[in-house]
Ligand code: PLP
């Protein structure tokens, strides 16, 4: 079968490939610790599960409006208004199966062949994949370890011009755990306003922030109109498998993104949407508990990474990833990730899964138990010490 040529430009997310490799080793009887996928190990809160079961019994088994049920759009509008310091109405919300489709739809809707998109590197791989899929040209701004994985403003400025169709930012970041400062957001806002460019703000990790108050670029003067906030339930409510996310955007754009939903999924699963209503309107203790557990694990994994010869690890300010620099080992990232999987039985990702500036780094998700994190650290250390003997 001959594929359409556009398929040559579509990338992927390596985490899923490493997961397959790790599962294959497990099938052969190996004990593997999974630090590759960005998935909270906690169960979805009980009240959310119960709400979904109840909704099923009440008949939430049909199609819903493509943009989502009014109750969920209203709950999202309220929550985003309260937490981002902006006013959002339900018409500005489009509910999707996971947050990923928002980046897919938005890039499809805004980027033509030859358009430039300014996007982070290392960064979530789907941004680049989708930009290339549309024939767009990614212009990468480098997130620098020496700057706590923030970008260099002078470098950033050189990338934005009349050809820029979209700026993408992600904070807290996958894969680095870095967080942009208000001054960074102001820098982006100034350029976006000057050249009249929309901004995709991937805020999926906003609730996993270890210090300070969350600041959305949408709250800066004049920015709400041009910002598309991407957020969802996968990370904050441990709901990766439910597939529930959303975008918040201006009223002119929302019907177009909704049309992409109608053309692809029709709608997000009805029972999942009712679970989302409960997640937002019900008690929030479980979110706080998860945040606390992530903080504890972060401290353990950073200390452990820094004790591995040739590794150097900065303290992440958000999300649940560490991105240690492994250049001191003299090994490349991919080789080291494979070695750690095969030798130590710990699955992690090569920094290059997140772009060329990820060379020299590995990404570990610490969304795993403290016990497993301790065990993984011991095994990695032992394996790395072996190559240095
Ligand atoms: N954005 C970032 C930065 C992510 O890391 C992820 C998931 O790993 C997503 C978006 C998508 O999340 P989901 O589609 O599960 O809601």
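For the range 316-336, a tally of residues being touching a strand residue (DSSP E or B) at 6+ places or on another chain (Cβ under 9 Å) and either assigned to a loop (DSSP other than H, G, I, E, B) or over 29 Å from residue 207 (Cα atoms) (or both) returns 14. When we screen 371, 359, 382 for residues that are free of Cβ contacts under 8 Å to residues at least 60 places away in the same chain, over 21 Å from residue 11 (Cα atoms) and touching a helix residue (DSSP H, G or I) at 6+ places or on another chain (Cβ under 9 Å), the only hit is 382. Taking the range 204-231 as the range and being within 24 Å of residue 165 (Cβ to Cβ), in contact (Cβ under 8 Å) with a residue 40 or more places away in the chain and crowded, with 18+ Cβ neighbours inside 10 Å as the test, the residues that pass are 204, 216, 217, 218, 224, 228, 229, 230, 231.
If I filter the range 310-320 down to residues being over 20 Å from residue 34 (Cα atoms) and over 22 Å from the mean Cα position of the chain (by Cα), which single residue comes out as surrounded by the most Cβ atoms within 10 Å (Cβ to Cβ)? Looking at the filtered set, the residue picked out is 310. I'd like to check something: does the range 2-15 contain any residue that is free of Cβ contacts under 8 Å to residues at least 40 places away in the same chain, part of a helix (DSSP H, G or I) and surrounded by 11 or more Cβ atoms within 10 Å (Cβ to Cβ)? No - not one qualifying residue is present in the range 2-15. In this structure, does residue 241 turn out to be within 16 Å of the ligand (Cβ to nearest atom), without any contact (Cβ under 8 Å) to a residue 40 or more places away in the chain and within 30 Å of residue 50 (Cα to Cα)? The answer is yes for residue 241. Being within 16 Å of the ligand (Cβ to nearest atom), buried (at least 21 other Cβ atoms within 10 Å of the Cβ) and over 27 Å from residue 47 (Cα atoms), is that true of even one residue in the range 300-309? No, every residue in the range 300-309 fails to be within 16 Å of the ligand (Cβ to nearest atom), buried (at least 21 other Cβ atoms within 10 Å of the Cβ) and over 27 Å from residue 47 (Cα atoms). Would a scan of the range 169-183 turn up a residue that is more than 27 Å from residue 297 (Cβ to Cβ) and surrounded by 16 or more Cβ atoms within 10 Å (Cβ to Cβ)? Within the range 169-183, none of the residues are more than 27 Å from residue 297 (Cβ to Cβ) and surrounded by 16 or more Cβ atoms within 10 Å (Cβ to Cβ). Residue count for the range 73-97 under the criterion of being in contact with a strand residue (DSSP E or B) (Cβ under 6 Å, 6 or more places away or on another chain) and in a helix (DSSP H, G or I): the result is 5. Pairing each residue of the range 99-122 that is more than 15 Å from residue 169 (Cβ to Cβ) with any residue that is assigned to a helix (DSSP H, G or I), provided the two are 6+ apart or on different chains, yields C-beta distances under 6 Å for 104/130; 105/257; 105/260; 109/256.
Before we move on, is residue 29 outside the structural domain of residue 175 (by TED's automatic domain parsing) and more than 29 Å from residue 276 (Cβ to Cβ)?
yes
As for the range 267-280, it holds no residue that is loosely packed, with under 15 Cβ neighbours inside 10 Å, part of a helix (DSSP H, G or I) and more than 22 Å from the chain's Cα centre (by Cα).
So that you can scan it fast, the table gives a plain yes or no per residue for (1) within 16 Å of the ligand (Cβ to nearest atom); (2) under 24 Å from the mean Cα position of the chain (by Cα); (3) on the phi < 0 side of the Ramachandran plot; (4) in a strand (DSSP E or B):
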position	(1), (2), (3), (4)
42	yes, yes, yes, no
47	no, no, yes, no
51	no, no, yes, no
56	no, no, yes, no
61	no, no, yes, no
103	yes, yes, yes, no
114	no, no, no, no
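The values are calculated or read from the model by the stated rules, or taken from the named source; none is laboratory data. No experiment lies behind these values; they were computed from the predicted model shown. Every residue, glycine as well, gets a Cβ built from its backbone with ideal geometry; the counts of neighbours run over all protein chains shown.
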